[in-house]
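Report on the structure given below.
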Amino acid sequence: MSNNSIIHKHLDIFNTFKNDKETEGFELKEIHEIYLPFWFCKQTIVAEKTVALDRFTEIILSIIKAGITTHAEICTFLGVKVDDFVTMQFHYLLKNELLTEKNNEYTITPNGLKFLNKKHTFQKVEIVDFDYHINDLTKDYFNPLITIDSKEASKKNNTFSGYKISQSHRLAKNAKVIEHKNRPTFSKINQADFAALFNKEHPTMSFYDYESQDVEIHKRAIVFVCLKYVTEGNEIEYEIRQFKKTVKKFNGYTLEKNLTKAVNTYLKHKPELIT
């Protein structure tokens, strides 16, 4: 495709940014659609969750505190059979040391009293399937609902609704694609960073451990426009910007600063991708 054809396809972008680097001696020569690499990962995590006082636990603890302490007496008071499935709650309270049991008689523990008075909580361990993304170029964790240049979602407005993510194996054969290089593996995981990510994504839980070392991964890609600026001395600079195919809700050709830096570094070694 000739330069004129490339420019004509994105004429509105060309007219918007053609003079952006004029004072620096750069001329906008080409505009390409380029797919940048990401990874979609799935991993099973052991997490801790703070458990607060529920109504049934409160009733059981209150009954025992009031002096009704045998299993049979408590079940009679509750109106259930001694082997009813709801009595599993007693095992739960024993396991978490809110009760002790001897000769089929329950005693509330100091922690049980604190829990009843809502001055104590305990941690419950759960197995969680955790999905997350990684930016292959920057090697950072990536949330598709937050702009790559931002650490947190904007609290002022909801103008950004997320990136459109494509499955890499479904891209057109003639698509300009930066290949995946940094394949995620368990050995590459920084546990502190990973725990921070998990805790941020699951604010009601905290990372405890990995359930296994298995990491399920899939190649993904997001398409951006790449603006190629050139000087008379053939010095080249690229800019990566969002466009209609990049985001779910288009609000303008936002400059992706981190991706621009990464792509400039990449294309220094593989300039043939953008020709």
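Observations on the structure shown:
- Which listed residue, of 126, 201, is within 23 Å of residue 259 (Cβ to Cβ), of a type in the set (Asp, Glu) and at pLDDT below 95: 201
- When the residues of region 88-111 are filtered to those that are farther than 14 Å from residue 124 by Cβ and either under 38 Å from the mean Cα position of the chain (by Cα) or acidic (Asp, Glu) (or both), the one that is least open to solvent (accessible area, probe 1.4 Å) is 90.
- Residue that is within 16 Å of residue 221 (Cα to Cα) and in contact with an Asp or Glu (Cβ under 8 Å, 6 or more places away or on another chain), where the choices are 134, 165: 134
- Residues located in region 164-219, provided they are touching a residue at least 12 places away in the same chain (Cβ under 8 Å), open to solvent by 90 Å² or more (accessible area, probe 1.4 Å), more than 19 Å from residue 140 (Cα to Cα) and not aromatic (Phe, Trp, Tyr): 169, 204, 211, 213, 214
- Selection within region 220-238 - over 26 Å from the mean Cα position of the chain (by Cα) and open to solvent by 30 Å² or more (accessible area, probe 1.4 Å): 232, 233, 234, 235, 236, 237
- Restricting 73, 24, 48, 33 to residues that are acidic (Asp, Glu), at pLDDT 90 or above and loosely packed, with under 13 Cβ neighbours inside 10 Å narrows the list to 24.
- Taken together, the residues in region 239-258 that are open to solvent by 50 Å² or more (accessible area, probe 1.4 Å) and either more than 17 Å from residue 145 (Cα to Cα) or in contact (Cβ under 8 Å) with a residue 12 or more places away in the chain (or both) amount to 8.
The values are calculated or read from the model by the stated rules, or taken from the named source; none is laboratory data. Because the structure is predicted, anything quoted here is derived from the model rather than measured. Cβ coordinates were reconstructed from backbone atoms using ideal geometry, including for glycine residues, and neighbour counts include every protein chain displayed. Just so you know, the surface numbers come from the protein's heavy atoms only, side chains and all, with ligands and any DNA or RNA stripped out. Shrake-Rupley method; radii C 1.70, N 1.55, O 1.52, S 1.80 Å.
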